[in-house]
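Okay, structure first, notes after.
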Amino acid sequence: MRRYEADPEALDAIDHDDCDAAVLDVNLAGERINPVADALSERNVPFLFVTGYGANALPSEYAARPHVCKPFRMAELIGALSSVVNSPILGVHA
């Protein structure tokens, strides 16, 4: 598990490292996470969003993507991530 604080770091990791799944904060240090979501989708890496702004904050192209609203319990996040990883459809951009 790794944590990235900015899009460039995350995008570089996606390009150079194997990634089994990802949890994306919709608003990362004031920047939208769309480029990272796009890169993960292109590589069919399953991911979900976390947001403190509600489901309406999700990028429109990813509105159907699973998400967890902050604050959340760790069990909720783990359950959602497990579902995403075990679903062959969710790694593919709709």
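The values are calculated or read from the model by the stated rules, or taken from the named source; none is laboratory data. Nothing here was measured: the structure is a model prediction, and the numbers come from that model. Every residue, glycine among them, receives a Cβ derived from its backbone with ideal geometry; neighbour counts consider all protein chains shown.
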For this session: Of the conditions (1) hydrophobic (A, V, I, L, M, F, W, C); (2) surrounded by 11 or more Cβ atoms within 10 Å (Cβ to Cβ); (3) over 13 Å from the mean Cα position of the chain (by Cα), Met74 clears all except one; give me its number.
Result: (2)
For this session: Being surrounded by fewer than 18 Cβ atoms within 10 Å (Cβ to Cβ) and touching a strand residue (DSSP E or B) at 6+ places or on another chain (Cβ under 9 Å) is the filter; apply it to region 20-44 and report the residue that is nearest to Ser87 (Cα to Cα).
Result: Ala21
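In this structure, is Asp15 modelled with pLDDT of 80 or more, within 11 Å of the chain's Cα centre (by Cα) and of a type outside the set (A, V, I, L, M)? Please lay out each step first, then the result.
On the way: modelled with pLDDT of 80 or more: yes; within 11 Å of the chain's Cα centre (by Cα): no; of a type outside the set (A, V, I, L, M): yes.
It is false that Asp15 is modelled with pLDDT of 80 or more, within 11 Å of the chain's Cα centre (by Cα) and of a type outside the set (A, V, I, L, M).
Out of region 20-49, which residues are part of a loop (DSSP other than H, G, I, E, B) and of a type in the set (Lys, Arg)?
Taking region 20-49 and keeping what is part of a loop (DSSP other than H, G, I, E, B), we get 20-21, 26, 29-30, 33, 43-46.
Scanning region 20-49 gives a single hit, Arg43.
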Exercise. What are the residues in region 50-68 that are outside any loop (DSSP other than H, G, I, E, B) and surrounded by 15 or more Cβ atoms within 10 Å (Cβ to Cβ), if any?
Worked result: Val50, Thr51, Tyr62, His67, Val68
